[in-house]
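A.B. asks: Okay, handing you the structure first.
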Amino acid sequence: GVACGLKRTGQPDLALVVSDAPATVAATFTTNRVRAAPVQVSRRNLRGGKFSAIVLNSGNANACTGRQGLADAEELACEVARALTVPPGQVFVASTGVIGRPLDMDAVRKGIAQAVARLDASRGNEAAQAILTTDTTPKEAAITFPVGGQRVTIGGMAKGAGMIAPRMATMLAVLATDASVVAGPLQMALRLAVDASFNCITVDGDTSTNDMVLCFANGASGAPALRPGTAAFKTFQVGLELVCLSLAKMIARDGEGATKLVEVRIAGARTPREARLAAEAVANSPLVKTMFFGEDINWGRVMAALGRSGARFDPGGVDLWIDELPVVRRGGGL
């Protein structure tokens, strides 16, 4: 991670993550119809299923910047590819920051050269610092577990504080593993992990133009290849979900203006989809948020949010706890 001048503060604003060995890759992207240029480039490169590097900048989203923005994102990938002697189609691009302003390409070119010169396995925290915008702290998580007598690691970094309501918000995450996983199963595992973590958090209800979660697997652990349906793959899936969930909670906890981290748990719903409808209605309710901020157990706001969620339920059968305190039994207050 380096400071190349995209941020007026002089803080780090460009990160480079490189795989020492050829890697497979998976990713999920924003579902916002307004997609930033780096999202378009990375979505295209994902089709190749191979990863060499990702360059991420903060301070400028390179979104709503037209053809020039797309050309600039493509040039970023080419600059990194030339410096590392790898195919441009294996270089991914991510940006976060202010929307609608063109990238300062002179600054970014300088930053890429600096980052390539500083590449080192011990400098992961620098990269985590360089992708922050309004975040107050870097977000990193990792887990290790045995596979076939070898230790496998999954690690990741993320950023996000505002525009947080991911359906794939402004948030970015890069996950790396030294496990051996082919691209298809890796994509399946990542989608499941993202759906149970990043796609379950909300701060302000906005979904960004730049969201991206990328995961690459380079097999450097020497462990046997992971295959769907095996116990080892299930362990990998759990590990990936734990890392994603840890990072997702860090994002929610660090939300702009946030003073509390609240988890909404639904039990007894007819289907997982209806449980999600109910949970999202409660979590996104401004009145529920102000209830928690003011530390006033006005549980009627939760009941009202459930009622408009679209989930099918009997209001007379609702029990509600806040922390461990029961406040509603069979639809009525205690």
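The values are calculated or read from the model by the stated rules, or taken from the named source; none is laboratory data. Keep in mind that this is a model prediction, so the values were computed, not measured. Cβ sites come from the backbone with ideal geometry, for glycine too, and all protein chains shown count toward neighbours. Just so you know, the surface numbers come from the protein's heavy atoms only, side chains and all, with ligands and any DNA or RNA stripped out. Shrake-Rupley method; radii C 1.70, N 1.55, O 1.52, S 1.80 Å.
A.B. asks: Could you count how many residues in the stretch 152-190 are at pLDDT below 90 and out of contact with any helix residue (DSSP H, G or I) (no Cβ under 8 Å at 6 or more places or on another chain)?
C.D. replies: Residues in the stretch 152-190 being at pLDDT below 90 and out of contact with any helix residue (DSSP H, G or I) (no Cβ under 8 Å at 6 or more places or on another chain): 4 in total.
A.B. asks: Check whether at least one residue in the stretch 1-24 is of a type in the set (Val, Ile, Thr) and over 30 Å from Ala196 (Cβ atoms), and report yes or no.
C.D. replies: yes
A.B. asks: Looking at Gly156 and the list (1) assigned to a loop (DSSP other than H, G, I, E, B); (2) touching a strand residue (DSSP E or B) at 6+ places or on another chain (Cβ under 7 Å); (3) within 30 Å of Gly100 (Cβ to Cβ), which single condition is not satisfied?
C.D. replies: (1)
A.B. asks: Hey, could you check the stretch 191-230 for residues that are over 19 Å from Thr24 (Cα atoms), open to solvent by less than 10 Å² (accessible area, probe 1.4 Å) and out of contact with any helix residue (DSSP H, G or I) (no Cβ under 7 Å at 6 or more places or on another chain) and say which is modelled with the highest pLDDT?
C.D. replies: Asp211
A.B. asks: Looking at Ala94, Ala113, which one is closer than 25 Å to Val39 by Cβ and open to solvent by less than 10 Å² (accessible area, probe 1.4 Å)?
C.D. replies: Answer to the selection: Ala94.
A.B. asks: When the stretch 13-29 is examined, which residues are found to be surrounded by fewer than 23 Cβ atoms within 10 Å (Cβ to Cβ) and closer than 19 Å to Ile99 by Cα?
C.D. replies: Answer for the stretch 13-29, where residues must be surrounded by fewer than 23 Cβ atoms within 10 Å (Cβ to Cβ) and closer than 19 Å to Ile99 by Cα: just Phe29.
A.B. asks: Now a separate question. Looking only at the stretch 169-224, how many residues end up being over 14 Å from Glu241 (Cβ atoms), among the polar types (S, T, N, Q) and not in a loop (DSSP other than H, G, I, E, B)?
C.D. replies: 1
A.B. asks: Oh, and also: Can you spot a residue in the stretch 59-81 that is among the acidic types (Asp, Glu), open to solvent by less than 30 Å² (accessible area, probe 1.4 Å) and not in a strand (DSSP E or B)?
C.D. replies: The answer is yes; a qualifying residue exists.
A.B. asks: Give me the pairs, please: first residue somewhere in the stretch 295-322 and over 16 Å from Gly268 (Cβ atoms), second residue anywhere and outside any helix (DSSP H, G or I) and open to solvent by 60 Å² or more (accessible area, probe 1.4 Å), beta-carbon distance under 6 Å, and either six or more positions apart or on two chains.
C.D. replies: Listed pairs, sorted by first residue: Ile322/Ile297.
A.B. asks: Filter the stretch 307-334 down to the residues that are within 16 Å of Asp296 (Cβ to Cβ) and in a strand (DSSP E or B), then identify the one that is most open to solvent (accessible area, probe 1.4 Å).
C.D. replies: My answer is Leu325.
A.B. asks: While we're looking at this one, here's another question. With Pro87, Pro38 as the choices, which residue is modelled with pLDDT of 95 or more, open to solvent by 10 Å² or more (accessible area, probe 1.4 Å), out of contact with any Pro (no Cβ under 9 Å at 6 or more places or on another chain) and within 22 Å of Arg109 (Cβ to Cβ)?
C.D. replies: Pro87
A.B. asks: Applying the selection to the stretch 8-31, what residues are more than 21 Å from Met188 (Cα to Cα) and in contact with an Asp or Glu (Cβ under 8 Å, 6 or more places away or on another chain)?
C.D. replies: Once the filter is applied, which keeps residues that are more than 21 Å from Met188 (Cα to Cα) and in contact with an Asp or Glu (Cβ under 8 Å, 6 or more places away or on another chain), the stretch 8-31 yields Pro12, Ala15.
A.B. asks: Thr259 versus (1) open to solvent by 60 Å² or more (accessible area, probe 1.4 Å); (2) farther than 18 Å from Val288 by Cβ; (3) at pLDDT below 95: which is the lone unmet condition?
C.D. replies: (2)
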